[in-house]
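Reviewing the structure listed below.
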Amino acid sequence: MFQPVSSRVNFGELEEKTLALWAEKDVFKRSVENRKNNRRFTMYEGPPTANGKPGIHHVLSRVFKDVIPRYKVMKGFYAPRIGGWDTHGLPVELEVEKALGFKSKTDIERYGIAEFNQKCRESVFKYVQDWNALTERIGYWVDLDNAYVTMNNSYIESGWWVVKQLWDKGLIYQGHKVTPHCPRCGTSLSSHEVALGYEEHTEDPSVYIKFRISPNSLQGTLSAFKNKPFSLLAWTTTPWTLPANTALAICDSAEYAVLDMGEEYLVLAAARLEANGLQAAHEVGRVKGSDLVGLKYLPLFNPFEYEMSVARLENGELVVVPATTSLDYHVIATDYVSMDDGTGIVHTAPAYGEVDYESGKKYGLYFIHHVDLQGKITGTYPGAGKFVKTADPLITQELKHRGLLFKSETIHHTYPFCWRCGTPLLYFAKQSWYIRTTACREALISGNESINWYPEHIKHGRFGDWLQNNVDWAFSRERYWGTPIPVWRCQTCQSTDCIGGLAELQGKPGFSGFKDPLDLHRPYVDDITYECTQCHGEMKRVTDVIDCWFDSGAMPVAQYHYPFDPDSLNIFTDGRFPADYICEAVDQTRGWFYSLHALSTLLFNRPSYENVICLGHILDEKGEKMSKSKGNVVLPETVIGKYGADAVRWYLFTASPAGNARRFSEKLVSEVTRSFMSTLWNVYSFFILYANIDKYQPSMEKYPTVSELDRWILSELNQLIKEVTSDLDSYDPVAAARAIEIFVDYLSNWYVRRSRRRFWKSESDADKLSAYSALYECLVKVSKLLAPFLPFLAEEIYRNMICSVDPQAPDSVHLTDYPVADESLIDNELSSAMRLAMKVSSIGRAARAQAGIKVRQPLAEAFIVGVAPSEQAGLEKLADSVIDELNVKRLSFVSNVADLPENSATVTEGTLSVAIDKTLTQELADEGLVREITHRLQGLRRNANFEIADSIITYFEADEHAERVISIWQDYIQRETLSTNLVKGFPDDGTVTSESYKLEGHIVNLGVKKA
Ligand SMILES: [Zn+2]
Ligand SMILES: [Zn+2]
């Protein structure tokens, strides 16, 4: 006997029981250990930060991370999955700063680095309980007990080892470059972090400034314009950079127009006249860009008048110039002047732009840096002491006052913001530590060729482009809570030294400052000093820490404390490196996917992962981004609480291809529950119900498949196994899930529907046993196919269908092998014939609906038009099914719609038409009436809560015609309703459930009572 199954099911409750069972039977661990001697399958967990609650996007990546290893285990692989936690970096520091009410780094230093880092340490696992609970609840199987933690000393030490390897290869350097800088966090960011924070439609000022040329420098053709002020017009969206302007850039081959504006001359590119509304201005001359090169102009803000020091970029070095220097800035020719925006004359501030800085180096330009690391204007400029964006209008105002503002507008454009704190980034020239990834660009690109990306377009698109345009990785952060950069510098001779491990550090001459217990974080590591081998000076660590993306990118080695732990030395031979599989959302192409790839290429000249599923984002029901401020965030626990984890999983697996965005809402999940999970459940409970009534024993020998329907569903099943296996082998769980969905639809809406009668009939003949055997086979195999996707529901079905009849069987579906297709059972011809039969039936039902004739009313004939002879042969074999579905007496094939009888209704779909003969003879009408009566009696049985197998006595009263029809069809009615007697008249003892009906114009009173 199987456990009785209710047709009404609460999936969530069921799942809670399954969770308890897994815990009790230690199923996850056993599923892994069972395969210990087999080939390893490695998935790397991209470490989340547990200092915030997990959201639905985390559920998305976690279920996709889960499905593949579960499948691989059932395929026989040894697949331990180790969890991990990202515990360092800006995200953590920022949360602590918020909690403490800090506004800047000064607040942190006042508070104390040791105390601040202690708070960071405490905060990283603030929500770890929520993470663990959700991870368990959604059935994501991952070893959290042995998870790697990036703040552990062992992890940091491996990180140091990585830095040292790169250092020894000459891939680490300190450079003075323009880098994106977050003024709030007070640190540089890497280009991949910048890529995470672009915001469209950012409003900024758009100002046009007149730069006055020194009259003396107007020579040759330009000497004609000495009679009035002569200005070059330049455009900027960052007025705060204007005090740092030290050059104007033009394109030497472009044409520039000289406009007479009345009181002055104005110059801009001829190609930009119209765009700036100046096409009608009085043009008095036209010159080549090369004629403008070398023109000297007056500083907008002479730095010496604003208490600002000035340097000059000489051979790439900054050399301070005396405050007595007379500053002349001049026009230079560069190749970055665009004719698509602005004026064709580009304001150049070497301290604040990458190309500006390059020009500065090339032409030895002056270098003025008048903004501090918090983004505040220094010196005595307008807006001094204020944040740059606040200073923008004040600087503009000052220039307007001096008659140097030509026009001032606002624009909307795309601008980068800090990915963590949302502050607009500023581009600053400053010292940072870099990893010379560009030295390995070719290896990064060729390594990518061997990685399988799902979806494939990421490989040469988003990721490939990123590698093509690779820039060196600015990996230092002027922060506190992170892996300290293991570089020590001599306080006397400035020589530097990189440390690759703890023992190496402790072995240094004059080593001191070690704190016990060991903590490799700041400020303790900053106290460690040793002696310079060059000059015996004191070696002190540089104060920067490392980007947290470096930490997570180092996880392939750092999670095993490579190379310090002896066992870690085996990772290259035992299958732990590279990973077979990783999976995260698409934003990680420039985050973790990149940092993993960069570090393993630099270290080992090979990729660290072979297959990647790159997931699209999650949107709300309307397709909009979820955000706290919009209030449209859907909490995973709410939906799981209502519909269960499997429903959420199934929705996420089937809603859209892995790489596409998917909408998410409670409603969408509830639809999935209804359409797929409840359908499967109904088939399952149908089977259990009848199998228990018939005491069906699946352990008995296999019954020969006697029915075409059984042959068909077993063919579909094996075809499905083949397809799902191939989809999962090519990392496409979405295609696999959708294939299962289609199969379950066939199973429910065709196989079971067509087979119902076979289960109902009382005799246990070969046909019935064949049906049981086929349906049993389908359900068991489907539960195994589904196990990686819906681990809970699969377990439920498997345990009842297998474990309750076979005590020898593995006690969990997750300990079984994935089904293997029996190709000999696949009959493609039968499959296409059956699909055509389903299609004909569905069109035929539409024809009935069009004619307004119920399906229960038998009709004489249906006609099929437009099938090929080969299709006709297939359909003829299945004619019984179609005849029954369409409730007709005969099925005919005609070659032309014109050959159809007059009184017919036709529906056409593509080349296929199906027609029904609408003629209703008295005989057919009577039969229709009987069908109605039977249908009502079945309804009464249900209302009276009779068991399916209960025999009943049926009572009736009817008009003369109906009574005659009932008596003619007595056998049929009794058989269909399990009635032992048909009794005319009602007993008045109140034991009968009865109802009065008007059916096809006849009054019929019906009643039922248990026999
Ligand atoms: Zn920031
Ligand atoms: Zn020294």
Name the single residue, out of those in the range 892-910 being hydrophobic (A, V, I, L, M, F, W, C) and assigned to a strand (DSSP E or B), that is nearest to residue 880 (Cα to Cα). 893
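Can you name every residue in the range 386-403 that is surrounded by 18 or more Cβ atoms within 10 Å (Cβ to Cβ) and more than 16 Å from ligand 1 (Cβ to nearest atom)? Even if it seems obvious, please write down each step before you answer.
Initial filter on the range 386-403 (surrounded by 18 or more Cβ atoms within 10 Å (Cβ to Cβ)): 387-389, 391-392, 395-396, 398-399.
Those that are surrounded by 18 or more Cβ atoms within 10 Å (Cβ to Cβ) and more than 16 Å from ligand 1 (Cβ to nearest atom): 391, 392, 395, 396, 398, 399.
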Unmet requirement for residue 726, which otherwise passes all of (1) surrounded by 18 or more Cβ atoms within 10 Å (Cβ to Cβ); (2) modelled with pLDDT of 95 or more: (1)
Inside the range 104-156, the number of residues satisfying the requirement of being in a strand (DSSP E or B) and aliphatic (A, V, I, L, M) is 3
Taking residue 522 as the residue in question, decide whether it is farther than 17 Å from residue 157 by Cα, more than 16 Å from ligand 1 (Cβ to nearest atom) and part of a loop (DSSP other than H, G, I, E, B). no
Filtered residue count, the range 946-984, keeping only those that are within 11 Å of residue 1008 (Cα to Cα) and part of a loop (DSSP other than H, G, I, E, B): 3
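Out of everything in the range 975-1011 that is farther than 14 Å from residue 932 by Cβ and buried (at least 17 other Cβ atoms within 10 Å of the Cβ), what residue ends up being farthest from the chain's Cα centre (by Cα)? Talk me through it step by step, then tell me what you get.
Taking the range 975-1011 and keeping what is farther than 14 Å from residue 932 by Cβ, we get 975, 978-994, 1007-1011.
Remaining after also requiring buried (at least 17 other Cβ atoms within 10 Å of the Cβ): 978-979, 982, 992-993, 1007-1009.
Numbers: 978: 54, 979: 57, 982: 63, 992: 59, 993: 56, 1007: 58, 1008: 57, 1009: 58 Å.
The residue in question is 982.
For every residue, the table says whether it meets (1) within 26 Å of residue 313 (Cβ to Cβ); (2) acidic (Asp, Glu).
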site	(1), (2)
189	yes, no
192	no, no
203	no, yes
209	yes, no
216	yes, no
221	no, no
Of everything in the range 525-557 that's surrounded by 21 or more Cβ atoms within 10 Å (Cβ to Cβ), of a type in the set (A, V, I, L, M) and within 22 Å of residue 155 (Cα to Cα), which residue is nearest to ligand 1 (Cβ to nearest atom)? 545
Working only within the range 592-646, note down all residues that are out of contact with any Ser or Thr (no Cβ under 9 Å at 6 or more places or on another chain), of a type in the set (D, E, K, R) and closer than 26 Å to residue 129 by Cβ. 628, 637
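Conditions tested, residue by residue: (1) out of contact with any Lys or Arg (no Cβ under 7 Å at 6 or more places or on another chain); (2) surrounded by fewer than 23 Cβ atoms within 10 Å (Cβ to Cβ); (3) within 18 Å of residue 355 (Cβ to Cβ).
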{"position": "229", "(1), (2), (3)": "no, yes, no"}
{"position": "233", "(1), (2), (3)": "no, no, no"}
{"position": "239", "(1), (2), (3)": "yes, no, no"}
{"position": "245", "(1), (2), (3)": "yes, no, yes"}
{"position": "249", "(1), (2), (3)": "yes, no, yes"}
{"position": "267", "(1), (2), (3)": "yes, no, no"}
{"position": "277", "(1), (2), (3)": "yes, yes, no"}
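Give me a count of the residues in the range 279-334 that are part of a loop (DSSP other than H, G, I, E, B), crowded, with 18+ Cβ neighbours inside 10 Å and among the aliphatic types (A, V, I, L, M).
To start, the set of residues in the range 279-334 that are part of a loop (DSSP other than H, G, I, E, B) comprises 279-281, 293-295, 298-302, 307-309, 315-316, 322-328, 334.
Then keep just the ones that are crowded, with 18+ Cβ neighbours inside 10 Å; that gives 295, 299-301, 308, 334.
Add one more test, that the residue is among the aliphatic types (A, V, I, L, M), and what stays is 295, 300, 308.
Total satisfying the criteria: 3.
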With criteria (1) modelled with pLDDT of 95 or more; (2) surrounded by fewer than 17 Cβ atoms within 10 Å (Cβ to Cβ); (3) not in a loop (DSSP other than H, G, I, E, B), residue 509 comes up short on (3)
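Listed here are the residues, each with its yes/no results for (1) farther than 16 Å from residue 356 by Cβ; (2) touching a residue at least 60 places away in the same chain (Cβ under 8 Å).
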residue	(1), (2)
293	yes, no
302	yes, no
312	no, no
315	yes, no
319	yes, no
325	yes, no
328	yes, yes
334	no, yes
Strands (runs of 3 or more DSSP E) wholly inside the range 371-489 containing at least 2 residues that are touching a Phe, Trp or Tyr at 6+ places or on another chain (Cβ under 7 Å), away from ligand 2 (no atom under 16 Å from the Cβ) and closer than 29 Å to residue 103 by Cα: 405-416, 426-435
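Results for (1) under 30 Å from residue 331 (Cβ atoms); (2) assigned to a strand (DSSP E or B); (3) more than 13 Å from ligand 1 (Cβ to nearest atom), shown as yes or no for each residue.
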{"position": "181", "(1), (2), (3)": "yes, yes, no"}
{"position": "184", "(1), (2), (3)": "no, no, no"}
{"position": "192", "(1), (2), (3)": "no, no, yes"}
{"position": "199", "(1), (2), (3)": "no, yes, yes"}
{"position": "203", "(1), (2), (3)": "no, yes, yes"}
{"position": "206", "(1), (2), (3)": "yes, yes, yes"}
{"position": "209", "(1), (2), (3)": "yes, yes, yes"}
{"position": "212", "(1), (2), (3)": "yes, yes, yes"}
{"position": "222", "(1), (2), (3)": "yes, no, yes"}
The number of residues in the range 769-807 that are under 14 Å from residue 684 (Cα atoms) and polar (S, T, N, Q) is 3
Here is a check on your reading of the model: is residue 128 among the aliphatic types (A, V, I, L, M) and buried (at least 17 other Cβ atoms within 10 Å of the Cβ)? no
Please work out which one of (1) modelled with pLDDT of 95 or more; (2) outside the structural domain of residue 270 (by TED's automatic domain parsing); (3) of a type outside the set (Lys, Arg) is the condition residue 424 fails and give its number. (1)
Can you tell me which residues in the range 364-381 are over 43 Å from the mean Cα position of the chain (by Cα) and surrounded by 21 or more Cβ atoms within 10 Å (Cβ to Cβ)? 365, 366, 367, 368, 381
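Of everything in the range 647-662, what is touching a Ser or Thr at 6+ places or on another chain (Cβ under 9 Å) and under 20 Å from residue 135 (Cβ atoms)? Give them in sequence order. Full working, then the answer.
The initial filter retains those residues of the range 647-662 that are touching a Ser or Thr at 6+ places or on another chain (Cβ under 9 Å), namely 647, 650-651, 662.
Matches in the range 647-662: 647, 650, 651.
Filter the range 525-567 down to the residues that are within 16 Å of ligand 2 (Cβ to nearest atom), part of a loop (DSSP other than H, G, I, E, B) and under 17 Å from residue 160 (Cα atoms) and list them by number.
Applying the first criterion (within 16 Å of ligand 2 (Cβ to nearest atom)) to the range 525-567 yields 529-542.
Going one step further and asking which of them are part of a loop (DSSP other than H, G, I, E, B), we end up with 532-537, 542.
Of everything in the range 525-567, just one residue is within 16 Å of ligand 2 (Cβ to nearest atom), part of a loop (DSSP other than H, G, I, E, B) and under 17 Å from residue 160 (Cα atoms), namely 542.
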Touching a residue at least 40 places away in the same chain (Cβ under 8 Å), assigned to a helix (DSSP H, G or I) and over 30 Å from residue 990 (Cβ atoms): is that true of residue 932 in this structure? no
Name the residues in the range 547-572 that are in contact with a Phe, Trp or Tyr (Cβ under 6 Å, 6 or more places away or on another chain) and touching a residue at least 24 places away in the same chain (Cβ under 8 Å), would you? 547, 550, 552, 556, 558, 559
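The values are calculated or read from the model by the stated rules, or taken from the named source; none is laboratory data. What you are looking at is a predicted structure, and each value in this text was computed from that prediction instead of being measured. All Cβ positions, even for glycine, are placed from backbone atoms using ideal geometry, and neighbour counts span all protein chains on display.
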